[in-house]
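Q: Input: one structure, supplied below.
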Amino acid sequence: MNEYLITLLLTVKLAILTTIILLIIGIPIAYFLASSSSRFKPVIHSLISLPLVLPPTVIGYYLLVSFSPDSWLGGFLEKHLGFYLAFTFEGMLVGSIIYSLPFMIQPLESGLRSLPSSLKEASYTLGKTKWQTLYKVLLPSIKPSILSATILTFAHTLGEFGIVLMIGGSIPGETKVASIAIFNEVEALNYASANTYSLILFTFSFIILLGIYLINNRQHKLF
Amino acid sequence: MIELKYRKKLNFSSSTAFLEVDQKILKQEFLILYGKSGSGKTSFLKILAGLMDPDEGKIISEGKSWFDKNQNIKVSPQKRNIGFVFQDYALFPNMSVKQNVEFAHDTKDSVFLNEVFEVCGIKGLLNRKPDTLSGGQKQRTALARAIVKKPSILILDEPLSALDQETRLSLQDELVRIHKKFELTTIMVSHDLSEIAKLGHRVLVLDEGKIKEEGDPITVFSKGKVSGKVKFVGEIIHIKKEDIIFVLTIASGNNIVKVVATEEDIKSLGVGDKVMVASKAFNPIIVKI
């Protein structure tokens, strides 16, 4: 297969998997943060927001160290689960999930917070459990927030560079994603090739964002 | 019968106060809570519904303990079989009127469901989304949703305060009908004296968490001082001095009424005050309309 295609497919695969997994784990976390008054909430908030302020290379470095088979975590995963995370696609996926966590959690949390508490209370008095309330009332009421969280996460993963370079390296077909390919091509003075990747990534990202804003616009008009 | 005996610390913006309740609510009673905002009315309702917990005390409904601090008992709001109509209606924006009502209805008893649609007057609105409804229509939907699971207690938090007078009057009549038809124990917050007098069997006047007065509405609001044959309640909207007397313009329901008052009366009155006007009607003019 064409090398461009392999790299781009890998990039999209990483972004889609990251987004799906983050949706699954992000919704319960956002719900907890939006509804709990726990003393530990500031700590959890800070941990989740760290990727926003830290250079990606810092997180990449820590993850690489902890994924290495010599470390406690890497050793444990390798021995008991047969998982290698350093320089593999799975490792890169874990890195992307951690790095994009705030982009998923923050829109979901502020969406849930913006709902009046009476919606939740009404559902409880109608005999519905917390989970039924979340899935049938709260989440459908914050569709625009879910949409922007999904898009932000997806687009952010597409453009990720530092963390995937640190954890993934640049193995074609395994961990070489578009952003890294562009860097490699420029380093090799292969401007034509870098240009092709850049243009595809640029157009692709633009179309996704445009699509989202068009859908969001229509949703707002419906309300 | 519901027995409530509890204390709950309430935090207001400037101070804290204790909501202290020691009450028995009879089966099928229509109880009204009256008081300024921040007097604890909504907390009273939420504690009864299980959406808020008292700091100490207990709540017993029909002999069953719903809350007991000492024995660590707490029945969740889901299991209390209460219908709650919220001040902001709390209709689910993602569901149609029909879906909102059906959401509460487990048994799929379509005969009863239709009856509720009929009684609440929302048959023509079933496929509409809440955003497209008027205030009165939202209120009817919220009411239908609250009664469709056949609760034994209906709680209404200022259900009619945001509605225009005409809608308000027709919904008051509906509340009376629903209260009787479904044999509900009803607890409602209201600020409107004519509404309280029309609907309530008993009224509790709350002030900073304490129940200052209780009894049947007319007695409570007239404070037992007058026994006039004609009386109505309303709000002063204008005071004008004319020679040695004063003319008060009072809005009562749909009517604007002018009454005279002496300087002595005026001392304790101002525009915006809620008042009861009573008169010994020795010589009334009665016209059939």
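Q: Can you tell me which residues in the stretch A:112-167 are farther than 30 Å from A:A178 by Cα and β-branched (V, I, T)?
A: Listed by number, the residues that qualify are A:T125, A:T129, A:T133, A:V137, A:I142.
Q: Now for a separate question. Which numbered condition trips up B:F103, out of (1) touching a Pro at 6+ places or on another chain (Cβ under 7 Å); (2) buried (at least 21 other Cβ atoms within 10 Å of the Cβ)?
A: Tallying (1) touching a Pro at 6+ places or on another chain (Cβ under 7 Å); (2) buried (at least 21 other Cβ atoms within 10 Å of the Cβ), B:F103 fails exactly one: (1).
Q: Let me ask something else. Return yes or no: is B:Y6 under 18 Å from B:Q87 (Cβ atoms), more than 14 Å from every other protein chain (Cβ to nearest Cβ), in contact (Cβ under 8 Å) with a residue 60 or more places away in the chain and in a strand (DSSP E or B)? Please lay out each step first, then the result.
A: Values: under 18 Å from B:Q87 (Cβ atoms): no; more than 14 Å from every other protein chain (Cβ to nearest Cβ): yes; in contact (Cβ under 8 Å) with a residue 60 or more places away in the chain: yes; in a strand (DSSP E or B): yes.
Taking the combined requirement at face value, the residue does not satisfy it.
Q: So if I check each of B:K69, B:K27, B:K46, which one is over 15 Å from B:T186 (Cα atoms), assigned by TED's automatic domain parsing to the domain that holds B:A142 and open to solvent by 10 Å² or more (accessible area, probe 1.4 Å)?
A: Values: B:K27 fails: over 15 Å from B:T186 (Cα atoms); B:K46 fails: over 15 Å from B:T186 (Cα atoms).
Sole residue among the options that is over 15 Å from B:T186 (Cα atoms), assigned by TED's automatic domain parsing to the domain that holds B:A142 and open to solvent by 10 Å² or more (accessible area, probe 1.4 Å): B:K69.
Q: If a residue has to be closer than 16 Å to A:R113 by Cβ and in a loop (DSSP other than H, G, I, E, B) to count, how many in the stretch A:28-41 make the cut?
A: From the stretch A:28-41, those closer than 16 Å to A:R113 by Cβ are A:28-38, A:41; that's our starting set.
Subset that is in a loop (DSSP other than H, G, I, E, B): A:36-38.
Looking only at that region, the number is 3.
Residue-by-condition table, conditions (1) touching a residue at least 24 places away in the same chain (Cβ under 8 Å); (2) of a type in the set (F, W, Y):
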site: B:K64; (1), (2): no, no
site: B:N72; (1), (2): no, no
site: B:G83; (1), (2): yes, no
site: B:F92; (1), (2): yes, yes
site: B:H105; (1), (2): yes, no
site: B:V111; (1), (2): no, no
site: B:C120; (1), (2): yes, no
site: B:L126; (1), (2): yes, no
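Q: Restricting attention to the stretch A:69-88, report how many residues are open to solvent by less than 30 Å² (accessible area, probe 1.4 Å) and touching a Gly at 6+ places or on another chain (Cβ under 8 Å).
A: The number of residues fulfilling the criteria is 3.
Q: Okay, next question. Run down A:I16, A:I44 and say which single residue is out of contact with any strand residue (DSSP E or B) (no Cβ under 8 Å at 6 or more places or on another chain) and either part of a loop (DSSP other than H, G, I, E, B) or in contact (Cβ under 8 Å) with a residue 24 or more places away in the chain (or both). Show your work before the answer.
A: Values: A:I44 fails: either part of a loop (DSSP other than H, G, I, E, B) or in contact (Cβ under 8 Å) with a residue 24 or more places away in the chain (or both).
After ruling out the rest, the residue left standing is A:I16.
Q: Further, regarding this structure: Do we have any residue at all in the stretch A:141-152 that's surrounded by 18 or more Cβ atoms within 10 Å (Cβ to Cβ) and within 9 Å of chain B (Cβ to nearest Cβ)?
A: Checked the stretch A:141-152: at least one residue is surrounded by 18 or more Cβ atoms within 10 Å (Cβ to Cβ) and within 9 Å of chain B (Cβ to nearest Cβ).
Q: Right, something else. When the residues of the stretch A:120-137 are narrowed to those that are within 9 Å of another protein chain (Cβ to nearest Cβ) and among the hydrophobic types (A, V, I, L, M, F, W, C), which ends up farthest from B:F86 (Cα to Cα)?
A: Among those that are within 9 Å of another protein chain (Cβ to nearest Cβ) and among the hydrophobic types (A, V, I, L, M, F, W, C), it is A:V137.
Q: Regarding A:S118, is this residue in contact with an Asp or Glu (Cβ under 6 Å, 6 or more places away or on another chain) and assigned to a helix (DSSP H, G or I)? Walk me through how you get there before you give the answer.
A: On the way: in contact with an Asp or Glu (Cβ under 6 Å, 6 or more places away or on another chain): yes; assigned to a helix (DSSP H, G or I): yes.
Here the answer is yes, as A:S118 does meet what is asked.
Q: Just the residues that are away from every other protein chain (no Cβ under 14 Å), of a type outside the set (G, A, S) and open to solvent by 10 Å² or more (accessible area, probe 1.4 Å), please, taken from the stretch B:114-151.
A: B:N114, B:E115, B:E118, B:V119, B:K123, B:L125, B:L126, B:N127, B:Q137, B:R140
Q: Which ranges mark the helices (runs of 4 or more DSSP H) fully within the stretch B:164-272 that have 3 or more residues being surrounded by 14 or more Cβ atoms within 10 Å (Cβ to Cβ)?
A: Values: elements: B:165-181, B:193-199, B:217-222, B:263-266.
Counting at least 3 such residues, we get B:165-181, B:193-199, B:217-222.
Q: Hey, another quick one. Quick one: which of A:T133, A:T153 is more than 30 Å from A:V65 (Cα to Cα) and touching a residue at least 12 places away in the same chain (Cβ under 8 Å)? Walk me through it before giving the result.
A: On the way: A:T153 fails: more than 30 Å from A:V65 (Cα to Cα).
Result of the check over A:T133, A:T153: A:T133.
Q: What residue, among those in the stretch B:67-94 that are among the hydrophobic types (A, V, I, L, M, F, W, C) and within 13 Å of chain A (Cβ to nearest Cβ), is farthest from B:A142 (Cα to Cα)? Can you show your working first?
A: Taking the stretch B:67-94 and keeping what is among the hydrophobic types (A, V, I, L, M, F, W, C), we get B:67, B:73, B:75, B:82, B:84-86, B:90-92.
This time we only want the ones that are within 13 Å of chain A (Cβ to nearest Cβ), so: B:75, B:82, B:84-86, B:90-92.
Details: B:V75: 24, B:I82: 13, B:F84: 8, B:V85: 6, B:F86: 8, B:A90: 7, B:L91: 7, B:F92: 10 Å.
The qualifying residue farthest from B:A142 (Cα to Cα) is B:V75.
Q: Just name the residue that is nearest to A:F103 (Cα to Cα) out of those in the stretch A:31-50 that are more than 22 Å from the chain's Cα centre (by Cα) and either open to solvent by 30 Å² or more (accessible area, probe 1.4 Å) or of a type outside the set (S, T, Y) (or both). Walk me through it before giving the result.
A: The initial filter retains those residues of the stretch A:31-50 that are more than 22 Å from the chain's Cα centre (by Cα), namely A:35-40.
Still in the list and also either open to solvent by 30 Å² or more (accessible area, probe 1.4 Å) or of a type outside the set (S, T, Y) (or both): A:35, A:37-40.
Numbers: A:S35: 19, A:S37: 22, A:S38: 22, A:R39: 23, A:F40: 21 Å.
Restricting to residues being more than 22 Å from the chain's Cα centre (by Cα) and either open to solvent by 30 Å² or more (accessible area, probe 1.4 Å) or of a type outside the set (S, T, Y) (or both), the top hit is A:S35.
Q: Only one of these is modelled with pLDDT of 85 or more, among the basic types (K, R) and over 26 Å from B:F30 (Cβ atoms): B:K150, B:K98, B:K138. Name it. Before the answer, list the steps.
A: On the way: B:K150 fails: over 26 Å from B:F30 (Cβ atoms); B:K138 fails: over 26 Å from B:F30 (Cβ atoms).
Only one candidate passes the filter, namely B:K98.
Q: I've got another one for you. For the stretch A:107-119: of the residues being without any contact (Cβ under 8 Å) to a residue 24 or more places away in the chain and open to solvent by 30 Å² or more (accessible area, probe 1.4 Å), which is farthest from the other protein chains (Cβ to nearest Cβ)?
A: My answer is A:S117.
The values are calculated or read from the model by the stated rules, or taken from the named source; none is laboratory data. Being a predicted model, the structure only gives us computed values, none of them experimental. So basically every Cβ, Gly included, is an ideal-geometry build from the backbone, and we count neighbours across all protein chains shown. These accessible areas exclude ligands, DNA and RNA; they are computed on the full protein's heavy atoms, side chains included. Shrake-Rupley method; radii C 1.70, N 1.55, O 1.52, S 1.80 Å.
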